[in-house]
Structure formats: C-alpha cells, structure tokens
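S.K.: A single structure is presented below for examination.
The values are calculated or read from the model by the stated rules, or taken from the named source; none is laboratory data. Because the structure is predicted, anything quoted here is derived from the model rather than measured. Glycine gets a Cβ as well: all are built from the backbone with ideal geometry, and neighbour counts include every protein chain shown. Please note that ligands, DNA and RNA were not included when accessible areas were found on the heavy atoms of the full protein model with its side chains. Shrake-Rupley method; radii C 1.70, N 1.55, O 1.52, S 1.80 Å.
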Amino acid sequence: SDRMVSFYGGFFLFGLLYLALRDRILRSGWQLSWRWLLLLVLPIALDGVSHMISDIAGMSGGFRETNVWLAELTNHILAPAFYASDGWGSFNSIMRLLTGLLASFALIFWAFPLVDRSLSTNSQLEVT
C-alpha cells in the first residue's frame, strides 16, 4: 500500500531528521503540540475511511476508484489517468503518499521529544 510505504518510510526519514535536530529540539524545549498532531493525522484518517467506505461498493466500483467528484471539482483540467484508479501519479496514490508523510512527521515530532525528555528525566532520577 502506498499509504503504509509512505507512513513507515516517513517514520524512518523523519526519525533521521529528528536525530539530526535532536539537541536543538531538546535545548529549545520544542515539541509538536497535540493539536498539531491531531490536525496532521486527520488527513490519513479521512483518506483511509473514505477508501474503506468506497470499497463497500466493491474494490473497483466505489467513488474513490473513479474520483468523478474530483474531476468535476477541478473541471477535468488534469489528465483522465490522474483521476482514475490508484496507479502511480494518480490522485489516490499522491494522497496516500502525502497523508502517510504528514502522519509520520506528526508522530515523530510529537512523540520523540516526549520520550526523550521522559528518559532523560528518569535517568537523572536514578543517578541522584
């Protein structure tokens, strides 16, 4: 699934980015707020739920298979292949890529600073 590849691939990439920025983030006390976390995770939830609802009509018969609603919304300005199915470069594949990356970014930059601070606090308590 494009969504899972981008989600877990994003975990790896944003984990490396966090590692590169870790000292700055911990010194500054910055952490992604839970409100931003919810806002950035919401698109993957909406994308997944809309695909699940669409699949009730059958794997090739739902509204996300043809994306007629999007073609009408954009006045058919893009190539027909963009709207149909889930091949690479289609609307569905791009949304899966973007929503997976947004969710992984949000989870990394919300959870990692929290865990880092918790572990450093616990290790300081054990030393003293």
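S.K.: Please work out whether region 38-89 counts as rounded, prolate or oblate from its C-alpha gyration tensor, where a ≥ b ≥ c are the square roots of the eigenvalues and a/c under 1.5 means rounded, while otherwise a/b larger than b/c means prolate and anything else oblate? Please report the intermediate quantities before stating the final value.
M.R.: On the way: a/c = 2.00, a/b = 1.29, b/c = 1.55.
Oblate is the answer for region 38-89, as a/c is 1.5 or above yet b/c matches or exceeds a/b.
S.K.: Estimate the FRET efficiency between LEU26 and SER85 by the formula 1/(1 + (r/R0)^6), using the beta-carbon distance for r and 41 Å for R0, to the nearest 0.05.
M.R.: Working: r = 45 Å, r/R0 = 1.09.
Efficiency for this residue pair is about 0.35.
S.K.: Would any residue of region 1-43 have its amide N under 18 Å from a label point 7 Å out along Cα→Cβ of LEU119? List them or say none.
M.R.: Flagged as within label range: 11-32.
S.K.: Would you calculate a helix-derived [θ] at 222 nm for the chain, using -39,500 (n - 2.57) for each DSSP H run of n ≥ 4 and dividing by the full residue count, to the nearest 500?
M.R.: Values: 6 runs with 100 residues, N = 128.
Calculated mean residue ellipticity at 222 nm is -26000 deg cm²/dmol.
S.K.: Can you compute the FRET efficiency between ILE77 and ARG35 using 1/(1 + (r/R0)^6), with r the Cβ-Cβ distance and R0 = 30 Å? Round to the nearest 0.05.
M.R.: Working: r = 34 Å, r/R0 = 1.14.
That gives a FRET efficiency of 0.30.
S.K.: Ok, one more. So, taking all protein chains as they sit and a 1.4 Å probe, how much accessible area belongs to HIS51, in Å² rounded to tens?
M.R.: It works out to around 20 Å².
S.K.: Report, in degrees rounded to the nearest 10, the 0 to 90 angle that the Cα long axis of helix 2-28 makes with the longest principal axis of the chain.
M.R.: Compared with the principal axis, the helix lies near 30 degrees.
S.K.: What residue among GLY15, GLY48, GLY29 has the largest mean-square fluctuation in a Gaussian network model of the chain, using Cα springs under 10 Å?
M.R.: The residue that fluctuates most here is GLY29.
S.K.: For a quick check of understanding: with a 1.4 angstrom probe and all protein chains in place, what accessible area in square angstrom does PHE82 have, to the nearest ten?
M.R.: Roughly 50 Å² of PHE82 is accessible to a 1.4 Å probe.
S.K.: Roll a 1.4 angstrom probe over the protein heavy atoms and tell me the percent of accessible area of region 31-106 that is carbon or sulfur. Can you show the working numbers first?
M.R.: Numbers: 3430 of 4580 Å².
That share works out to 75 percent.
S.K.: Among [x] 19.2, 67; [y] 16.3, 63; [z] 13.3, 38, which one is Rg and Dmax of the Cα atoms in Å computed from these coordinates?
M.R.: [x]
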